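Please read the structure below before turning to the comments.
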Number of protein chains: 2
Amino acid sequence: MRETDGPEPVRASLADGREILFFALPGHQPDPRPDIRPLPDRAQLASEVRFDRATGDWVAVAALRQDRTYKPPADQCPLCPSATGAVSEVPAADYDVVVFENRFPSLSGARPDSDFVLPQPLDGQPVAADGYGRCEVISFSSDHDASFASLNHAHARLVVDAWRHRTRSLLALPEVAQVFCFENRGEDIGVTLTHPHGQIYAYPYLTPRTRSMLDRADAHRRDHDTNLFADILASERSQISRIVTGDELTTAFVPFAARWPVEVHIYPNRQVNNLTDLDDDELDSLTAVYLDVLTRFDSLYPTQLPYISALHQYSSDPAQQEGFFHIELMSVRRSATKLKFLAGSESAMDAFITDVTPESIAARLRDVDPASRR
Amino acid sequence: MRETDGPEPVRASLADGREILFFALPGHQPDPRPDIRPLPDRAQLASEVRFDRATGDWVAVAALRQDRTYKPPADQCPLCPSATGAVSEVPAADYDVVVFENRFPSLSGARPDSDFVLPQPLDGQPVAADGYGRCEVISFSSDHDASFASLNHAHARLVVDAWRHRTRSLLALPEVAQVFCFENRGEDIGVTLTHPHGQIYAYPYLTPRTRSMLDRADAHRRDHDTNLFADILASERSQISRIVTGDELTTAFVPFAARWPVEVHIYPNRQVNNLTDLDDDELDSLTAVYLDVLTRFDSLYPTQLPYISALHQYSSDPAQQEGFFHIELMSVRRSATKLKFLAGSESAMDAFITDVTPESIAARLRDVDPASRR
């Protein structure tokens with residue numbers, strides 16, 4: 001197992017003080033220019049988090065986001081490089097991968113006093129707090145028309161290394177409980193910028209789904225003295241029916257109780273809490289399997305598959321030690337012409353009904369002819 | 001407090017054996033005709049439920065639903081009355097409110113052996129079971145162009161009485177754990193039939209959200225010896241900031257930690273487990289407040305508001321005694337031209353970010369000019 005820290009980015013500042021980080025492929029040297037746009041001051045602490053006593057979940061209230069950028073014309077894309085520093089969010093003639101603080105964040109980029117602790121909602125009263133945390137945008141490529149699936153292995157691995165860098169840095173902030181890297185791809189799920197990019201949310205709380213999964217894993221440890229997710233992975237690897245692809249270090253499968261018409265989970269074969277714990281070979285394998293799955297996705301239908309890609313990461317906090325890093329990919333497309341909508345059963349009651357058996361979608365993804373892939 | 005059993009429906013059968021129930025306003029007499037359509041046999045037990053070990057949630061797999069009716073032309077509406085019995089799902093010249101078993105159910109309409117028990121997922125292995133339960137369609141009116149908000153009070157109360165009838169009947173089935181009445185309204189949330197209608201799902205398990213809320217309420221009872229939802233209701237009623245409307249028996253408010261751009265909860269002021277426990281005055285009040293809220297919804301924007309209406313009901317089982325019947329209404333519309341999409345944070349992590357403060361949307365709904373209402 002080789003340790004790897006990944007490349008160090010070149011840092012610069014945008015006109016309103018937000019941080020921007022340039023990650024470069026070997027042999028490339030980032031060359032940030034001054035950002036000369038007349039940006040308004042950043043709203044400080046315009047975000048609030050509220051505790052829902054009925055469910056035990058935190059909800060973020062970020063009113064300023066109503067004015068965020070919405071489907072700009074291609075020549076005003078905020079993620080394309082801007083050599084003049086006058087047009088986009090990336091003041092540079094070119095770049096490989098770039099990360100910057102979101103101009104319209106769901107969670108404030110402000111830093112709390114060092115003694116900030118999220119209030120404990122124990123007294124039965126409504127509880128709110130300032131919305132500390134951080135929201136970053138990660139642009140996967142300077143090519144406006146690329147997609148993650150179209151990146152070559154080295155470039156995709158650079159994205160993975162950028163995710164690792166941000167995970168390590170953001171988990172080190174005392175107010176951050178969880179670092180969530182994700183990609184929303186496709187207008188069908190509400191994406192307003194077509195330039196290939198993802199987002200990174202550093203939440204001051206555990207997200208509800210993570211909390212549920214950790215609760216289940218803790219109970220499983222008490223009952224069986226094994227890791228829940230390792231047991232699930234071993235069970236899937238013991239037979240073929242829901243396997244999509246993989247190698248000796250990484251496995252991609254459709255989960256037994258998939259909630260979405262297309263859903264694939266990618267696990268490293270060794271339990272780690274997050275991306276920073278993987279060694280170089282495991283990172284290369286994860287990158288290859290991830291690209292393989294995304295390529296299979298785009299072979300399912302005549303058009304590119306809309307998807308959400310969600311990196312489930314955990315900190316090294318003892319309360320999160322049962323967490324098993326993995327990627328969950330899901331799509332709302334249920335046929336070439338139809339989407340799944342999250343209506344009453346799913347949206348109101350979290351009770352998912354799926355129209356597709358997990359085994360049938362696994363077989364379709366497994367049997368994609370490599371020659372047919374775009 | 002007056003007891004009320006509500007009207008008894010007239011029962012008939014559709015061509016493939018599904019049950020249909022006609023609920024009539026005073027003075028009206030349902031007159032079902034023979035359903036002469038050549039319908040194929042119903043698929044028996046084509047539904048399966050699977051337990052997700054990672055989250056503790058059940059997921060229903062109903063593959064036959066891929067072929068369900070999708071945006072039919074208005075002259076082929078399956079919910080309009082069909083005097084000839086040859087065209088639609090409702091073989092009658094007219095009707096007030098009708099309920100029938102869904103032709104494309106998410107949960108099988110079959111009845112299990114009397115000793116059926118949902119398997120306990122305790123042994124760490126994947127657990128699946130036949131998808132017992134029942135899915136019904138409720139048409140609110142024979143008028144294709146009506147909406148729930150356009151019904152007069154007596155007609156809306158008839159819908160409420162039909163909900164009560166179905167709740168009582170379905171909760172009496174031993175395989176049913178929860179009866180969920182809901183309405184999806186609007187193409188923006190994927191509604192494929194524009195005729196005003198709702199659905200009723202009788203699940204063999206508690207839905208994940210209900211389970212979470214009961215867990216919270218049980219913990220609150222242990223800590224405070226009071227009912228969690230009664231405390232939340234009292235807290236909201238003690239000040240105006242999130243109140244929308246109400247009367248001495250019913251309260252409508254935007255919850256403190258609302259997850260949706262428009263979200264309203266309607267509670268009876270007295271704790272009951274489900275609709276069948278309300279008395280006649282409470283039912284009239286609930287009906288009036290519900291109509292009032294829906295009318296306010298349609299006054300927010302130039303077009304009708306898409307919404308999901310979800311009736312949170314509990315059985316009289318001791319494990320559900322902390323449940324407090326209420327209605328949760330939510331909309332994805334965040335401005336006149338924009339929708340909220342459930343993307344990475346919400347869909348993958350259940351972590352909601354809202355763009356609208358609960359107090360501001362409550363004020364907008366509270367201040368709707370009655371004269372401006374459609």
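The values are calculated or read from the model by the stated rules, or taken from the named source; none is laboratory data. What you are looking at is a predicted structure, and each value in this text was computed from that prediction instead of being measured. Glycine also receives a Cβ, built like all others from the backbone with ideal geometry; neighbour counts cover every protein chain displayed.
Among the residues of the stretch A:344-372, the ones that are within 9 Å of chain B (Cβ to nearest Cβ) and under 16 Å from A:Thr295 (Cβ atoms) come to 0 in all. Each residue in the stretch B:41-68 was checked for being at pLDDT below 85 and either in contact with a strand residue (DSSP E or B) (Cβ under 6 Å, 6 or more places away or on another chain) or more than 7 Å from chain A (Cβ to nearest Cβ) (or both), and 9 of them qualify. Regarding B:Arg270, is this residue farther than 24 Å from B:Arg166 by Cα and either out of contact with any strand residue (DSSP E or B) (no Cβ under 8 Å at 6 or more places or on another chain) or surrounded by fewer than 22 Cβ atoms within 10 Å (Cβ to Cβ) (or both)? When the stated conditions are applied, B:Arg270 does not pass them. A single member of A:Arg270, A:Arg259 is touching a residue at least 60 places away in the same chain (Cβ under 8 Å) and part of a loop (DSSP other than H, G, I, E, B), and it is A:Arg259.
Tell me, yes or no, whether the stretch A:163-180 has at least one residue that is assigned to a loop (DSSP other than H, G, I, E, B), within 30 Å of A:Lys338 (Cα to Cα) and in contact with a Phe, Trp or Tyr (Cβ under 7 Å, 6 or more places away or on another chain).
no
Here B:Gln313 meets the list (1) more than 10 Å from chain A (Cβ to nearest Cβ); (2) in contact with a Cys (Cβ under 9 Å, 6 or more places away or on another chain); (3) under 28 Å from A:Asn184 (Cα atoms) almost entirely, failing just condition (3). Taken over the stretch B:300-314, the criterion of being surrounded by fewer than 20 Cβ atoms within 10 Å (Cβ to Cβ) and of a type in the set (S, T, N, Q) is satisfied by B:Thr303, B:Gln304.
For the stretch A:357-370, state whether one or more residues are closer than 23 Å to B:Trp58 by Cα, assigned by TED's automatic domain parsing to the domain that holds A:Ala252, in contact with a His (Cβ under 7 Å, 6 or more places away or on another chain) and not in a loop (DSSP other than H, G, I, E, B). No, because not a single residue in the stretch A:357-370 is closer than 23 Å to B:Trp58 by Cα, assigned by TED's automatic domain parsing to the domain that holds A:Ala252, in contact with a His (Cβ under 7 Å, 6 or more places away or on another chain) and not in a loop (DSSP other than H, G, I, E, B). If the condition is being touching a residue at least 24 places away in the same chain (Cβ under 8 Å), within 11 Å of chain B (Cβ to nearest Cβ) and more than 18 Å from A:Thr357 (Cα to Cα), then the stretch A:233-256 contributes only A:Leu233. Just a yes or no: is a residue in the stretch A:335-343 within 14 Å of another protein chain (Cβ to nearest Cβ), touching a residue at least 40 places away in the same chain (Cβ under 8 Å) and closer than 30 Å to B:Ser212 by Cα? The answer is yes, given that some residue of the stretch A:335-343 is within 14 Å of another protein chain (Cβ to nearest Cβ), touching a residue at least 40 places away in the same chain (Cβ under 8 Å) and closer than 30 Å to B:Ser212 by Cα. Of all the residues in the stretch A:99-139, those that are away from chain B (no Cβ under 12 Å), free of Cβ contacts under 8 Å to residues at least 60 places away in the same chain and among the aromatic types (Phe, Trp, Tyr) number 1. Could you tell me whether A:Glu183 is at pLDDT 95 or above, outside any helix (DSSP H, G or I) and buried (at least 22 other Cβ atoms within 10 Å of the Cβ)? Yes: the conditions hold for A:Glu183. The sole residue among B:Ser106, B:Ser82, B:Ser142, B:Ser150 that is touching a Pro at 6+ places or on another chain (Cβ under 9 Å), assigned by TED's automatic domain parsing to the domain that holds B:Glu183 and at pLDDT below 95 is B:Ser82.
Condition check ((1) outside any helix (DSSP H, G or I); (2) touching an Asp or Glu at 6+ places or on another chain (Cβ under 6 Å); (3) touching a residue at least 12 places away in the same chain (Cβ under 8 Å)) across all residues:
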position: A:Thr276; (1), (2), (3): no, no, yes
position: A:Glu282; (1), (2), (3): no, no, yes
position: A:Ser285; (1), (2), (3): no, yes, yes
position: A:Val289; (1), (2), (3): no, no, yes
position: A:Leu294; (1), (2), (3): no, no, yes
position: A:Pro302; (1), (2), (3): yes, no, yes
position: A:Ile308; (1), (2), (3): yes, no, yes
position: A:Ser316; (1), (2), (3): yes, no, yes
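Quick check on this structure: which one of B:Leu278, B:Leu286, B:Leu291 is within 9 Å of B:Thr250 (Cβ to Cβ) and either among the β-branched types (Val, Ile, Thr) or touching a Leu at 6+ places or on another chain (Cβ under 8 Å) (or both)?
B:Leu286
Residue count for the stretch A:178-222 under the criterion of being more than 7 Å from chain B (Cβ to nearest Cβ), within 20 Å of A:Ile327 (Cβ to Cβ), of a type in the set (A, V, I, L, M) and out of contact with any Lys or Arg (no Cβ under 6 Å at 6 or more places or on another chain): the result is 5. For the stretch B:80-139, the strands (runs of 3 or more DSSP E) that sit wholly inside it and include 2 or more residues that are surrounded by 23 or more Cβ atoms within 10 Å (Cβ to Cβ) are B:97-101, B:134-139. Among the residues of the stretch A:212-231, which ones are within 28 Å of A:Phe51 (Cβ to Cβ) and either surrounded by fewer than 21 Cβ atoms within 10 Å (Cβ to Cβ) or without any contact (Cβ under 8 Å) to a residue 40 or more places away in the chain (or both)? Matches in the stretch A:212-231: A:Ser212, A:Leu214, A:Asp215, A:Arg216, A:Asp218, A:Ala219, A:Arg221, A:Arg222.
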